[in-house]
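The structure appears right after this line, and notes come after that.
The values are calculated or read from the model by the stated rules, or taken from the named source; none is laboratory data. Note that this is a predicted model, so its numbers are computed, not measured. For neighbour counting, all protein chains shown are included, and Cβ atoms are generated from backbone atoms with ideal geometry for every residue, glycine included. Keep in mind that these areas ignore ligands, DNA and RNA; they rest on the heavy atoms of the full protein, side chains included. Shrake-Rupley method; radii C 1.70, N 1.55, O 1.52, S 1.80 Å.
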Amino acid sequence: MTRPVLPGILDAVGHTHLVELSGLLPRFPSRVFAKLEAFNPGGSVKDRSALSMLLGKIRNGELVPGRSTVVESSSGNLAIGIAQICRYFGLDFICVVDPKTTQQNLAILRAYQVTVDMVTELDPDTGAYLPTRVKRVRELVDSTPGAYWPNQYANPLNPQAHVQTMREIDQALDGRVDYLFCSTGTGGTMTGCARYIRERGLSTTLVGVDAMGSVLFGGPSGPRLLPGHGAAVRPELFDPTLADEVVLVSDLDCVVGCRTLTQREAILAGGSSGAVTAALGKLADRIPAGSNCVLIFPDRGDRYLDTIYSDDWVRAQFGEVSHLWKEPEHTGAVGAC
Ligand code: PMP
């Protein structure tokens, strides 16, 4: 099939591939599919949120090059999504980041000519950078003429973008999505998917996948190594009751999930893709045979080469664990614990 010429790079957001993972769990009596959000042009699911929060305001003339400045707190994928849109339309973008932001992400932001504003202090109450970053965003919004803060943590246009994510999955599988595994950060992806599922009256079981040490589903805050999923503060838009099931995964689970995906499916995916893969492994025994299970893979592995895909890093964090994804015969198990 010849694909049409797109008018611009932003038209490439969405309509990502859904790929069957037939070698992931060889004896699993159900089908497994992955929604590969890495195929968005900025490389992640957050391109959808960024476009949803900005495009309307650009089209209706509220955001104007030379007069408007977008200000947002993000150290990763949303920042890159916004950077791409702002560059495309010639808008200024000040991105508030923290010392955990990877050098690679900072380099990508600089390549898009983003003004990077780094906070260095942890919030004394939560021990996290997020509240400090949000405080800094408020200061910048107050002091910058024509500033607009999309505020991914509270903006309904963030989840709204993912109604379409779920629509694409539903249509690709002709309305038969029995399980959807969705990692959570702002909750935008989960909320949008849940909205579509409810509006359509689908019988899909929505599995929220979060990090151990994240507070999103009510657990205590604790240390986490991997960016992407999980949060130290529950965002305004996050509704934990939308998930029919919740699975918490450790950093090691994510590493094992990612390495297993590369080993068995030749997919180099990011940490939260490893998280949903591990969550499927944990729930697999309870999933009725013949189900269609869909995992949303939010981003690709290139941005995790110094961590998840570095043998030295993995050994330093967890010791010698490579046997967990290098079994000579696939056992069907994914996950460290
Ligand atoms: N995985 C990755 C890699 C992400 O960057 C994010 C967003 N921080 C998520 C998962 C969680 O997505 P959402 O914000 O829609 O909950």
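So for the chain, if I pair up every lysine 8 or more residues apart or on another chain, how many of those pairs have alpha-carbons under 27 Å apart? For the chain, qualifying lysine pairs total 10. Net charge of the neighbourhood of PRO145, taken over other residues with C-beta under 12 Å away and scored Lys/Arg +1, Asp/Glu -1, is -1. Computed over the chain, the per-residue total of -39500 (n - 2.57) for DSSP H runs of n ≥ 4 gives a 222 nm mean residue ellipticity of -11000 deg cm²/dmol, rounded to 500. To the nearest 10, the accessible area of VAL247 is 10 Å² with a 1.4 Å probe. In the context of the full protein assembly, HIS323 retains an accessible surface of approximately 120 Å², using a probe radius of 1.4 Å and ignoring ligands and nucleic acids. Considering every alpha-carbon pair of the chain, the percent of pairs per 10 Å bin, from zero through the bin containing the longest distance, is 6, 26, 35, 23, 8, 1, 0. When you filter the trypsin sites (Lys or Arg not before Pro) in the range 5-51 for DSSP loop state and at most 13 other Cβ atoms inside 10 Å of their Cβ, you are left with ARG27. In this simple spin-label approximation, LEU6 and ALA147 carry label points 7 Å from Cα along the Cα→Cβ vector, and these lie 3.2 nm apart. For the pair THR262 and GLN113, the difference between a 0.36 nm per residue extended length and the Cα-Cα distance amounts to 50.3 nm. Helix 46-59 and the longest principal axis of the Cα set of the chain meet at an angle near 30°. Annotation: MET118 carries an accessible surface of approximately 90 Å², with a 1.4 Å probe and no ligand, DNA or RNA atoms counted. For the chain, the carbon plus sulfur part of the accessible surface works out to 50%, probe radius 1.4 Å. Within the chain, DSSP assigns beta bridges of which about 15% are antiparallel (rounded to the nearest 5).
ASP311 versus HIS323, label points 7 Å from Cα toward the beta carbon: distance in nm? So the label points at ASP311 and HIS323 sit 1.7 nm apart. Quick one: check the C-alpha center-to-center distance for the range 272-302 versus the range 7-63, whole angstrom. If we compute the Cα centre of each part, the gap is 17 Å. When a/c is below 1.5 the answer is rounded, else prolate if a/b is larger than b/c, else oblate, so apply that to the range 37-162 with a ≥ b ≥ c taken from the square roots of the Cα gyration tensor eigenvalues. Rounded.
Estimated at 0.36 nm per residue, the fully extended path between ARG200 and ARG138 surpasses their Cα-Cα distance by 18.5 nm.
Ranked by the mean number of other Cβ atoms within 10 Å per residue, highest first, peptides 137-149, 286-298 order as 286-298, 137-149.
When each of the peptides 98-104, 278-284, 305-311, 66-72 is scored by the mean number of other C-beta atoms lying within 10 Å of its residues, the order from highest to lowest reads 278-284, 66-72, 305-311, 98-104. Hey, in the GNM for the chain with a 10 angstrom Cα cutoff, which one of PRO159, PRO65, PRO124 fluctuates hardest? Its mean-square fluctuation being the largest, the pick is PRO124. Surface exposure of the range 46-148, expressed per residue as accessible area with a 1.4 Å probe, stands at 47 Å².
Close amide H contacts of LEU305 (hydrogens built in the peptide plane, cut-off under 5 Å, sequence separation of 5 or more or a different chain): none are found. Taking GLY56, GLY270, GLY43 in turn, the Gaussian network model of the chain (Cα-Cα springs below 10 Å) assigns the largest fluctuation to GLY56. Centre-to-centre, using Cα atoms only, the range 93-159 and the range 184-213 are separated by 25 Å.
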